[in-house]
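Some notes on the structure that comes next.
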Amino acid sequence: MSRDLFLHALIALFALFVRAPSAAAEDPFAGLESGNAEEVRGAIEELSLTGSPEAAAAIRARLERGLPLALTESAIDALVMLEDRDSLDLLVRLTRHRDASVRKRALEASSILGTSERVEPILLRALEERDPAVRRVALGGLKRLATTRSLPILERALERREFGAAEIIAKVGEEEQVRPLIGLLGRVPFEDLRGAFETILKRAELGERLRLDALSALVELATPEVKYFLEDLAPTLPGGARDRVRRAVSDAAFRIMD
């Protein structure tokens with residue numbers, strides 16, 4: 001084989017492996033329509049960084065037409081990054097998707113982009129899910145969006161040992177709903193009730209008596225874990241250094257042995 005012929009063959013072989021960028025790779029809007037999953041993923045990621053309503057609309061339209069599972073999750077994440085509240089109807093529909101990972105992603109996105117009025121019922125319905133990861137996401141959304149309308153369902157969830165519901169009850173409930181939470185201490189691991197007790201002690205509107213009763217229950221438990229919790233909590237409580245509850249929390253932390 002002559003030297004020139006060998007070089008031509010080598011160049012032709014190299015061309016099989018190195019191709020010019022496709023139109024889809026150069027234009028992310030075109031990339032959304034590619035038959036190559038990696039090009040679609042790249043297009044979603046690139047468009048998610050633009051912050052433009054046009055990018056959000058294009059991703060939303062592509063998601064409406066259907067995507068493979070992994071790309072569906074990427075598209076949902078992109079709509080959150082783009083703060084696309086116009087996608088809420090679509091996201092709410094996806095909370096009923098057959099795949100739990102998509103339902104979870106759609107719940108997270110809905111709770112970020114939606115309002116209490118629209119999303120709270122969706123999150124409460126998700127508390128009935130079999131998948132514990134989906135229920136955890138629902139509880140996380142309800143921490144931000146729950147209102148007093150949620151209380152009956154949250155109380156039922158707590159009876160089923162969904163202890164994440166305790167913090168939300170402590171946040172939106174009145175004394176009659178909050179006081180029973182104190183009685184859980186000692187029967188339920190403290191770590192599962194930490195958020196609830198922090199919320200109770202910080203909610204000045206619950207009244208001094210209820211908050212001091214919650215503190216008394218913590219003092220009875222008297223573990224090092226409780227001591228460190230109270231030490232960290234005391235400076236963050238409302239009312240200033242002379243507030244009775246704040247002083248009591250500081251004193252209790254000092255009295256509990258390491």
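Where a number appears in this text, it was derived from the coordinates with a stated rule and is not lab data. The structure displayed is predicted, hence computed values, not measured ones. All Cβ positions, glycine included, derive from the backbone under ideal geometry; neighbour counts span all protein chains shown.
Summary of computed values
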| read-out | value |
| --- | --- |
| Simple Cβ-charge dipole of the stretch 175-258, Lys/Arg +1 and Asp/Glu -1, about Cα centre, in debye nearest 20 | 260 |
| For the stretch 43-138, the Rg and Dmax computed from alpha carbons only, in angstrom | 12.7, 37 |
| Tilt relative to the chain, helix 208-221 - C-alpha long axis, 0 to 90 degrees, to 10 | 80 |
| Lysines with Cα under 25 Å of residue 143, excluding same-chain neighbours fewer than 8 positions away | 104, 171, 202 |
| Sorted by Cβ neighbour density within 10 Å, fewest at the top, the residues 151, 91 | 151, 91 |
| Charged-residue dipole, Cβ positions (Lys, Arg, Asp, Glu), the chain about Cα centre, Debye nearest 20 | 680 |
| Proxy reagent accessibility, fewest Cβ within 10 Å first, across 243, 77 | 243, 77 |
| Degrees separating the helix 53-65 axis from the principal Cα axis of the chain, which is the longest one | 80 |
| Over the chain: helical MRE at 222 nm, DSSP H runs n ≥ 4 each giving -39500 (n - 2.57), nearest 500 | -21000 deg cm²/dmol |
| Neighbour-limited loop hits for trypsin sites (Lys or Arg not before Pro), the stretch 125-190 (at most 13 other Cβ within 10 Å; DSSP other than H, G, I, E, B) | 130, 160, 161, 187 |
| Linear extension gain, residue 50 paired with residue 244, 0.36 nm per residue minus alpha-carbon span | 64.7 nm |
| log₁₀ of I(q)/I(0) at q = 0.08, 0.15, 0.16 Å⁻¹ - the chain, Debye sum with one point per alpha carbon | -0.50, -1.00, -1.06 |
| Sites residue 36 and residue 57, calculated FRET efficiency, Cβ-Cβ separation with R0 25 Å, nearest 0.05 | 0.65 |
| Two-decimal ratio, the stretch 175-258, of alpha-carbon radius of gyration to 2.2 N^0.38 Å | 0.98 |
| Rotationally averaged projected area of the stretch 127-193 (alpha carbon convex hull; nm²) | 4.3 |
| Estimated FRET transfer efficiency (residue 99, residue 209; beta-carbon r; R0 41 Å; 0.05) | 0.25 |
| Dipole axis of the chain (+1 Lys, Arg; -1 Asp, Glu on Cβ), positive-most option in 113, 164, 56 | 164 |
